[in-house]
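No lab work stands behind these numbers, since they all come straight from the coordinates. Everything quoted here is computed from the prediction, not taken from an experiment. Because the Cβ atoms are built from the backbone with ideal geometry, glycine has one as well, and the counts that use them run over all protein chains shown.
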Amino acid sequence: MQQEQIIELLTQKDAKKKKSRIPARLDYLQSATGLLLAIFMIFHMLFVSTILISKDFMLAVTKAFELSFIFEGGSSVPVFISIAIVFVIFIAHALLAMRKFPISYREYKRLKIHANLMNHADTKLWMIQAGTGFALFFLGSIHLYTMLTNPGNIGPYASSDRVYSDLMWPLYILLLIAVEFHGAIGLYRLSMKWGWFDKGDGKETRAKLKKAKIVLSGVMLVLGFATLFAYMQIGQEHKASYGERYYNETYPMEQK
Amino acid sequence: MNRQHHQDEIIEGREITLTIFRYDPNNKESKPHYQDYKIAETPGMTLYIALINILTRIDHDLSFDFVCRAGICGSCAMVVNGKPRLACKTLTSEFTDGKITLLPLPTFQHIKDLSIDTGTWMNAMSVKVESWIHSKEQVDISKLEKPIEPEVADEVFELDRCIECGICLASCSTRVMREDFLGAVGLVRTARFAIDPHDERTDDDFYELIGDDDGIFGCMSLLGCEDHCPKDLPLQTKIAYMRRKMVEVK
């Protein structure tokens, strides 16, 4: 094993004079983890935004994820497992995508000067993607760790208290902006990279996908800010009763 | 028609300013700087004509490359107001403020002023991706070539239109960051042979040429190549085609 690795180090190929297949796997996995996270983020937004409909509906969605149809009153275990899986994919994606970052001042300087000189839209989009990706290392990790350690504290009041009284809202504003830009640009780039919709006129398809990207990030940002504002409002009203859970006839006591 | 008026336009033309990067790396006295040249614009003037104008009338020391003057040889590629383009295919009238800045293409060996050496790199690229038909079949040139589907031939010939001007590399921030990156010209060259049924190479063979981070997996899909290619080659779709192929290699 070690000899094989040393052969590759010295010749860039293995003992059979074949190139490693790892770069192919890494490239594929980078895209696959990104795609999974992007899809997850779209559904995540749809679920958290249920608060805009009503507290009862948001509670019903939360309880469904707590598998309340199996466990009486719901359990935080399935939520914990889901968050743990997302966290692993998140870390894997960060690790894989990091390979593309400018990794020295020299690379960074050359990239920046060149991108500014050319003023090319898609190159600039990539820089936004890399920048927001870097921010997400921290913003995403804080949020994921918070949720991992509080899987049972999701609900109309529990979430609102977190947003408002626990002062998570400044982080959520940054997280929302970073995610929506990173995700929408990422999906557009994925379709270009793998040529998902290349049938017919590639240039026409690209123009359409670019529009779709703008619409997607726009819709998600508007929905995201509206949702965040709703949680803040509830959190402010609920400040005096911090820690108290929302309940209704279907779910008489909100699960801890 | 108003002939006199038309002639006046030719004679008077507006004054345009070309700001040109000047530097001779082989001359120790030379310092990199920008130099302004003011010339009278003529109808249909291309940057190539403007440069010849400067060379013959104002500054015999100015260096730039050209051969065909018709967008075929790829010699006159340069950075025009930030965008890599062919001087012979760029009209000065396009620049409404009459201000044009010209730089040599980045990422290539700089010779002098706007002149660069693309040939050495392109030759090395051709060798690296083995840019020729690989076939064990003995070809009898007295007989008709084995026919291929017209659609397939069109696809191959389309990629053969590449003039190796170097604009795809100069438009690629990945290449600017990482000098070993093969760039669109090299990646699409492999696509040209992968599509061509005359070439007997398998995907495994192509993987050995481009299956690493200097090759297909180094491309970050910034699409500078696609947006600046003066021949409008389908670079994005063909790079995606090779990526899909290469990622499936066992």
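Numerical summary
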quantity	calculated
Cβ-derived FRET efficiency at R0 60 Å, B:Val67 paired with A:Met98, nearest 0.05	0.85
Karplus-derived HN-Hα couplings along the stretch A:110-120 (A = 6.51, B = -1.76, C = 1.60, θ = phi - 60°), whole Hz, x at Gly and Pro	5, 4, 5, 4, 5, 5, 5, 4, 6, 6, 9
Table column - 3J(HN,Hα) (Hz), the stretch B:36-53, Karplus curve with 6.51, -1.76, 1.60, x for Gly and Pro	8, 10, 9, 9, 8, 7, 10, x, x, 5, 9, 4, 4, 5, 4, 5, 4, 4
Label-point gap, in nm, between B:Ile111 and A:Leu29 - each point 7 angstrom along Cα→Cβ	4.7
Calculated P(r) of the stretch B:49-90 - Cα pairs past 16 Å, %	37
log10 of Debye I(q)/I(0), alpha-carbon scatterers only, for the protein assembly as shown at 0.06, 0.09, 0.10 Å⁻¹	-0.41, -0.80, -0.92
Contour minus Cα-Cα distance for A:Gln236 and A:Leu36 (0.36 nm per residue)	68.6 nm
Virtual spin-label span in nm between A:Leu46 and B:Ile133, 7 Å along Cα→Cβ	5.3
For the stretch A:208-256 and the stretch A:61-132, distance of Cα centres in Å	21
Cα-centre dipole for the stretch A:160-220 with unit charges at Cβ (Lys and Arg positive, Asp and Glu negative), debye to 20	440
Projected label distance in nm at A:Asp201 and A:Ile85, using a 7 Å step from Cα toward the beta-carbon	4.2
Cross-link reach list, aspartates and glutamates versus A:Lys100, counting only Cα pairs under 17 Å and skipping chain neighbours closer than eight places	A:Asp27, A:Asp122, B:Glu179, B:Asp180, B:Asp212, B:Asp213, B:Asp214
Cβ-derived FRET efficiency at R0 41 Å, A:Phe137 paired with A:Asn248, nearest 0.05	0.60
Likely footprinting exposure, B:Ile116, B:Ile141, fewest C-beta neighbours within 10 Å first	B:Ile141, B:Ile116
Dimensions in Å of the stretch A:22-241 - Rg and Dmax from alpha carbons	19.2, 62
The stretch A:73-196 - Rg (one decimal) and Dmax (whole number), Cα, Å	17.6, 59
Net charge contributed by nearby residues that have their C-beta within less than 11 Å of B:Met45 (K/R +1, D/E -1)	-1
Nonlocal amide H pairs with A:Leu67, under 5 Å, H built at 1.01 Å	A:Ser75
Derived scalar couplings ³J(HN,Hα) [the stretch A:197-202; Karplus, 6.51 cos²θ - 1.76 cosθ + 1.60; whole Hz; x for Gly, Pro]	10, 7, 4, x, 7, x
Cβ-based exposure ranking for A:Leu111, A:Leu10, A:Leu46, A:Leu209, in which fewest neighbours within 10 Å come first	A:Leu10, A:Leu46, A:Leu209, A:Leu111
Sorted by Cβ density within 10 Å, fewest first, the residues B:Thr56, B:Thr118, B:Thr96	B:Thr96, B:Thr56, B:Thr118
Inter-centroid distance (Cα atoms) of the stretch B:159-196 relative to the stretch B:57-74, Å	23
Partner aspartates and glutamates for A:Lys124 [C-alpha distance under 19 Å; skip if fewer than 8 residues away on the same chain]	A:Glu107, A:Glu180, B:Glu226, B:Asp227
Within the stretch A:22-241: Cβ-based charge dipole about Cα centre, in debye rounded to nearest 20 (Lys, Arg +1; Asp, Glu -1)	1120
